[in-house]
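Trainee: Take a look at this one; I'll ask things after.
What follows is calculated from the coordinates using simple rules that are stated; it is not laboratory data. Quick caveat, the model's predicted, so the values are computed rather than measured. Quick reminder, even Gly has a Cβ in these numbers, built from the backbone with ideal geometry, and neighbours come from all protein chains shown.
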């Protein structure tokens, strides 16, 4: 039986008040396991990104519980939660959110620097991760000198530099052309994914479904079932 | 934490355009503030120049005297009365007045003349040429070699001039700690010769210079001088009285204050706005840092470091620019009355700290409010 990485139970989240109130998540429950590459798919506004934010500890739910590796994250204080994210969860954002004035190596080193690693040591480790994502020799370039696919690889290197157990990827192909997006996710599946890691991806892109171990569909704040693999 | 501060440093200085704009704003503000304050400090110092140069511990004067140049004569008996006060080691008269001298080329030049006590020559300046005893020679004057010296045609020992149709001869060239405020050369002579050469009112003693036997005698001397209808001030009190006059009873202090506040407002608005824009442009990245796992206090440290680094760099550049300007101006205009004092530096530093604090406060508020969730929604 695979070990549970993320367990969300009856999560409720709404935005706005009064007549403007929108229910983004309606008692959503979800288990994600180590050794799983879980996709959450669905139309815009279905609550995918909200669910991703709640289970990764950056958006507090109105109700329900979220446990990551057995820790109930929303009972932690803000500093301990930030520290928990830093050590356990890696993020790949849709628009990468790289620092344009820093070199790629410095961008990748950010989680290590936040973990209080020495600057030069962190840069050396970051260069190693750039090798892993196939960007050897581009460590001293600023991200703006790289293609979209290369920038996405830098974002992935930054996400895994802290050696997180859980990787959260928000629309990883949305800013890339079809072939590059496909290649990136294939790369993640081949090189980043392993039995000790849980990767949760939110996407609209059905061309990359082939790399998922499980695909869950959301609609109107509910997880309505699996398109591939087991149930939520 | 060093790594985080280095990260903050790189984010700041690698955005060259913004960093340059921030530095220009703060440097310009500091430059203006220091310039205004140093000009004021220069004016205040020069306004009290004779007090510093003569160096007496206590000065007795008419209570209506506001500045050292504004003398009101005292009768001779006051000198005797002051000398008789218990606790006075000695007391000597000082003549202070202005005159027009006719130079050898036929031109006239205003001068300030100080007449020193004939017996003691108390308050005499150190000579760089000539011998002080020559001041007792016929028609003898000592000229001060300060920024106004050249206005007398760069006189040497033996140079002659006329004062009120009396012949005058330079017998010594002296140096003083500070030049006067009004841009006129200074001549020293004996008290008796000053009275002889210059037209005088009925009462002739401008000031009585007093040396108390000890610090503890000062209050008694002041009290007894007051009983005579006059006023005794210590050197520092006299300097403060002159400063207060220029600060509060002329428009100089108010105008300098307004200019300094305006410089501060310019610096605050330029730097505050630029720094806030810098943070706004990096807001998503700060949000990303927050999502990755940066704690709020780490982001605050980053912003405070960026604001502090910019402020201190701008402060240093502003002081450097101001020092260069003052040095350059003094090379061209020896009488240029600006001096940078520790007090100026402290005031400008406090203002720069306020600029940095306000700028970073606005930025910190904005960064703390950003939800990392918004990074996902972008």
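Trainee: So what is the relative contact order of chain A, in percent, for Cα pairs below 8 Å that sit 6 or more residues apart?
Mentor: Relative contact order comes out at 28 percent.
Trainee: Turning to a different aspect of this structure: If you take the alpha carbon radius of gyration of the stretch B:306-378 and divide it by 2.2 N^0.38 Å, what ratio comes out, to two decimals?
Mentor: Against the compact-globule rule of thumb, the ratio is 1.73.
Trainee: Turning to a different aspect of this structure: Kindly put B:100, A:114, B:198 in sequence by how many other C-beta atoms sit within 10 Å of each C-beta, fewest to most.
Mentor: In order of increasing Cβ crowding within 10 Å: B:100, B:198, A:114.
Trainee: Also, I was wondering about something else. Take the alpha-carbon positions of the stretch A:116-232, form their convex hull, and give its projected area averaged over all directions (one quarter of the hull surface) in nm². Could you put the intermediate results ahead of the total?
Mentor: Details: hull surface 34.6 nm².
Mean shadow area of the hull around the Cα atoms is 8.7 nm².
Trainee: Output the Cα-based Rg and Dmax of the stretch A:1-125 in Å, rounding Rg to one decimal and Dmax to a whole number.
Mentor: For the stretch A:1-125, the Cα radius of gyration and maximum Cα-Cα distance read 16.9, 54 Å.
Trainee: Here's another thing I want to ask about it. Antiparallel as a % of all DSSP beta bridges within the protein assembly as shown, to the nearest 5?
Mentor: For the protein assembly as shown, the DSSP antiparallel bridge percentage is about 65.
Trainee: Let me ask something else about it. At what distance in angstrom do the alpha carbon centres of the stretch B:326-370 and the stretch A:150-166 lie from each other?
Mentor: Result: 43 Å between the Cα centres.
Trainee: Turning to a different aspect of this structure: Which FRET efficiency value, to the nearest 0.05, do you get for residue B:300 and residue A:174 by plugging their Cβ-Cβ distance into 1/(1 + (r/R0)^6) with R0 = 35 Å?
Mentor: Details: r = 32 Å, r/R0 = 0.93.
It comes out at approximately 0.60.
Trainee: Of the residues B:126, B:185, B:75, which exhibits the maximal mean-square fluctuation in a Gaussian network model of chain B defined by a 10 Å Cα contact cut-off?
Mentor: Of B:126, B:185, B:75, the Gaussian network model singles out B:75 as fluctuating most.
Trainee: When the chain is fully extended, how far beyond the present Cα-Cα distance does residue B:165 get from residue B:104, taking 0.36 nm per residue of separation? Working shown, then result.
Mentor: On the way: separation 61, 0.36 × 61 = 21.96 nm, distance 1.27 nm.
So the extension gain works out to 20.7 nm.
Trainee: Now for a different question. Can you give the mean number of other chain Cβ atoms that lie within 10 Å of the Cβ atoms in peptide B:283-290?
Mentor: 4
Trainee: So, one more: Convex hull volume of the Cα atoms in chain A, per residue, in Å³?
Mentor: 127
Trainee: Shifting gears a bit: What is the order of A:218, B:259, fewest Cβ neighbours within 10 Å to most?
Mentor: So the residues, fewest neighbours to most, are B:259, A:218.
Trainee: Still on this structure: On a 0 to 90° scale, report how tilted helix A:148-161 is relative to the longest principal axis of chain A, with both axes built from alpha carbons and the result rounded to the nearest 10.
Mentor: For A:148-161 against chain A, the angle is about 80 degrees.
Trainee: In bins 10 Å wide, starting from 0, what share of all Cα pairs of the stretch B:1-119 does each bin hold, as a percent?
Mentor: Bin by bin from 0 Å, the calculated values are 9, 23, 20, 14, 10, 10, 11, 3.
Trainee: Rounded to two decimals, what ratio of Rg to Rh does the protein assembly as shown give with C-alpha atoms and a Kirkwood Rh?
Mentor: With Rh from the inverse mean 1/r over Cα pairs, Rg/Rh is 1.30.
Trainee: For the stretch B:75-229, what does the relative contact order come out to in percent, with C-alpha contacts under 8 Å and a separation of six or more?
Mentor: For the stretch B:75-229, the relative contact order is 35 percent.
Trainee: Another question about this same structure. Using all C-alpha to C-alpha distances in the stretch B:142-264, build P(r) with 5 Å bins and read off the rounded percent in each one.
Mentor: Per 5 Å bin, starting at 0, the Cα pair percentages come out as 2, 8, 12, 13, 15, 15, 14, 11, 7, 3, 0.
Trainee: May I pose another question? Between residue A:226 and residue B:154, with labels modelled 7 Å along Cα→Cβ, what's the label distance in nm to one decimal, could you check?
Mentor: Modelled inter-label distance: 10.1 nm.
Trainee: Hey, another quick one. How large is the translational diffusion coefficient of chain B in µm² per second when you combine the Kirkwood radius over alpha carbon pairs with Stokes-Einstein at 25 °C and 0.890 mPa s?
Mentor: Answer from the Stokes-Einstein relation: 100 µm²/s.
Trainee: For the stretch A:8-27 and the stretch B:17-57, what is the separation of their C-alpha centers, rounded to whole Å?
Mentor: 61
Trainee: If you don't mind, there's one more thing I want to ask. If you build the Cα gyration tensor of the stretch B:75-229 and take the root of 5 times each eigenvalue, what three semi-axes come out, in whole angstrom, biggest first?
Mentor: Numbers: eigenvalues 192, 52, 37 Å².
With the √(5λ) rule applied to the stretch B:75-229, the semi-axes are 31, 16, 14 Å.
Trainee: Ok, one more. What number do you get for the stretch A:57-172 when its Cα radius of gyration is normalised by 2.2 N^0.38 Å, N = residues?
Mentor: Ratio of Cα Rg to 2.2 N^0.38 Å: 1.12.
Trainee: Same structure again: Show me A:185-198, B:27-40 ranked by packing, highest mean number of other Cβ atoms within 10 Å first.
Mentor: B:27-40, A:185-198
Trainee: Give me A:65, B:260 sorted ascending by neighbouring Cβ count inside 10 Å, so fewest comes first. If you can, show how the numbers build up before the last one.
Mentor: On the way: A:65 15, B:260 21.
Starting with the residue having the fewest Cβ neighbours, the order is A:65, B:260.
Trainee: Restricting to Cα pairs below 8 Å that are 6+ residues apart, what does the relative contact order work out to for chain B? Please round to a whole percent.
Mentor: In percent, rounded to a whole number, it is 30.
Trainee: Moving to a separate point now. Considering the alpha-carbon set of the stretch B:238-300 alone, what are its Rg and its Dmax in angstrom?
Mentor: 22.0, 64
Trainee: What do you get for the angle between helix A:178-187 and the principal long axis of chain A? Use alpha-carbon atoms, 0 to 90 degrees, nearest ten.
Mentor: Taking Cα atoms only, the helix is inclined about 90 degrees.
Trainee: Helix A:78-88 versus the longest principal axis of chain A: what angle, 0 to 90°, nearest 10, using Cα atoms?
Mentor: 60
Trainee: Return the average number of partner chain Cβ atoms within 10 angstrom of each residue Cβ along peptide A:113-125.
Mentor: Taking all residues of A:113-125 together, the mean is 3.
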